[in-house]
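The values are calculated or read from the model by the stated rules, or taken from the named source; none is laboratory data. Everything quoted here is computed from the prediction, not taken from an experiment. Neighbour counts run over all protein chains shown; Cβ positions are idealised from the backbone, glycine included. The protein model used for the area step is the full one, side chains on, heavy atoms only, and it has no ligands, DNA or RNA in it. Shrake-Rupley method; radii C 1.70, N 1.55, O 1.52, S 1.80 Å.
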Amino acid sequence: MKVKDIKNIGLVGGGLIGASFALAFSLGGLNAHIYTRSKETLDASEEIIKNSLDELIKLGVKKEDEKDEILKRISYTNNLEEAIKDADYIQESLKEDYDIKRKVLADVEKIISPEIPIGSSTSGLKATEIARDMKHPERFFVAHPWNPPHLIPLIELCKGEKTDDKYIYLAKELFEKIKKTPIILEKEVLGFVGNRIQAAVFREVLSLVLNGVVSMEDADKAVTFGPGIRWGIMGPSLILELGGGSEGIAGFMKNIGPSMELWLEDLADWDKLPISPEEIGEITAQELRNRDEKLGNNRKSLGEYRTKMLVEFLKLHGKI
Ligand SMILES: NC(=O)c1ccc[n+]([C@@H]2O[C@H](COP(=O)([O-])OP(=O)(O)OC[C@H]3O[C@@H](n4cnc5c(N)ncnc54)[C@H](O)[C@@H]3O)[C@@H](O)[C@H]2O)c1
């Protein structure tokens with residue numbers, strides 16, 4: 001199969017991620033057929049899609065007269081066979097549970113032919129384990145999105161032990177075609193790449209706050225207006241390439257490397273959260289209350305501010 005032959009996407013699971021993925025595929029010009037198991041979940045799926053599209057129209061990314069065409073490419077059903085019988089690619093976004101994913105994938109394999117690729121949205125389960133009972137595990141892999149997939153470009157493609165590389169390369173082309181940024185992981189690792197980096201940064205933020213070095217508010221400012229704003233343009237290695245004068249990152253490491261090693265020794269290295277989720281929530285709630293209303297000072301307005309800024313950033317990157 002070639003990427004140009006992929007026209008119909010079967011979305012197995014249409015919750016937060018499945019619905020947003022359907023919109024991402026439709027925005028990319030492909031047909032998206034959503035399967036969920038009940039009428040209520042289908043209605044919820046349709047609501048997520050319509051609201052997200054209205055938001056894109058409000059932010060000037062799409063025009064009102066494009067709306068019908070984008071929505072027309074998306075269909076909804078409680079019948080698995082109807083959703084996937086003509087699919088050229090399947091994105092599984094079921095609840096994060098091995099048993100549920102394995103059971104529904106067994107049903108999926110009874111309907112589709114063996115060469116149809118299946119990517120899983122799983123955030124943390126292993127491709128090898130999800131595919132354990134599959135008849136054709138060679139066409140199965142993880143295609144991990146970031147929420148919401150219709151906006152965030154990164155897709156982490158991760159092979160299982162039995163995955164055939166050709167499916168990974170096909171998925172890479174498919175996601176590039178719809179303006180996503182796929183990366184390929186050569187080994188199965190917990191948390192893939194993005195979540196590991198996010199966890200490492202958050203561990204240090206929390207550690208600095210708990211050690212009384214800064215408030216959560218100032219730690220967040222430090223990330224947003226320091227490294228974070230640069231990382232949104234290019235990754236940490238390329239940023240350091242610009243920080244070492246004529247020798248680039250090698251020069252940076254020669255100059256700053258010895259200091260960096262001292263910082264590394266001093267960084268947090270705990271592997272269990274030192275305080276409860278509720279306590280982390282309370283520290284963050286205080287920060288939220290202190291924020292300017294225009295920047296979002298409750299969960300709803302913060303989310304709207306995030307989306308507005310994200311869209312401007314995506315425009316600069318040519319990703320929307
Ligand atoms: N929420 C996130 O931020 C995020 C980000 C990246 C990846 N993911 C991954 O995406 C996947 C879906 O997550 P979500 O946030 O959309 O969850 P969700 O709860 O919103 O949706 C889950 C879907 O699974 C269906 N489902 C649940 N139990 C089922 C069963 N027994 N049989 C058939 N269908 C069943 C639900 O009806 C729903 O359509 C998970 O693997 C998750 O790890 C989530």
Among residues of segment 99-142 being of a type outside the set (Phe, Trp, Tyr) and in contact with a Cys (Cβ under 8 Å, 6 or more places away or on another chain), the residue nearest to Phe175 (Cα to Cα) is Val142
Quiz item: Out of curiosity, is Lys39 within 24 Å of Arg306 (Cα to Cα), among the charged types (D, E, K, R) and either touching a helix residue (DSSP H, G or I) at 6+ places or on another chain (Cβ under 8 Å) or not assigned by TED's automatic domain parsing to the domain that holds Arg306 (or both)?
Solution: no
Q | Leu53 vs. criteria away from the ligand (no atom under 16 Å from the Cβ), in contact with a helix residue (DSSP H, G or I) (Cβ under 7 Å, 6 or more places away or on another chain) and at pLDDT 95 or above | A | yes
Flagged in segment 16-61 as under 24 Å from Val104 (Cα atoms), in a loop (DSSP other than H, G, I, E, B) and open to solvent by less than 50 Å² (accessible area, probe 1.4 Å), in numbering order, are Leu30, Thr36, Ser38
All conditions in (1) within 14 Å of the ligand (Cβ to nearest atom); (2) open to solvent by less than 60 Å² (accessible area, probe 1.4 Å); (3) under 30 Å from Ile280 (Cβ atoms) are true of Lys180 except (3)
Log entry, pairs with first residue in segment 248-262 being without any contact (Cβ under 8 Å) to a residue 40 or more places away in the chain, second being assigned to a helix (DSSP H, G or I) and open to solvent by 80 Å² or more (accessible area, probe 1.4 Å), beta carbons closer than 8 Å, six or more apart or on different chains, reads Gly248/Glu241; Ile249/Glu241; Phe252/Glu241; Lys254/Glu247
When segment 135-147 is checked residue by residue, the ones that are open to solvent by 20 Å² or more (accessible area, probe 1.4 Å) and within 12 Å of the ligand (Cβ to nearest atom) are Trp146, Asn147
Picking from Leu206, Leu190, the residue that is in contact (Cβ under 8 Å) with a residue 24 or more places away in the chain and either on the phi > 0 side of the Ramachandran plot or open to solvent by less than 50 Å² (accessible area, probe 1.4 Å) (or both) would be Leu206
Segment 62-127: helices (runs of 4 or more DSSP H) wholly inside it with 3 or more residues that are surrounded by 19 or more Cβ atoms within 10 Å (Cβ to Cβ) are 98-111
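Each row is one residue, and each column tells you yes or no for (1) under 19 Å from Gly318 (Cα atoms); (2) within 16 Å of the ligand (Cβ to nearest atom).
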site: Gly60; (1), (2): yes, no
site: Ile70; (1), (2): no, no
site: Asn78; (1), (2): no, yes
site: Ile84; (1), (2): no, yes
site: Ala87; (1), (2): no, no
site: Glu92; (1), (2): no, yes
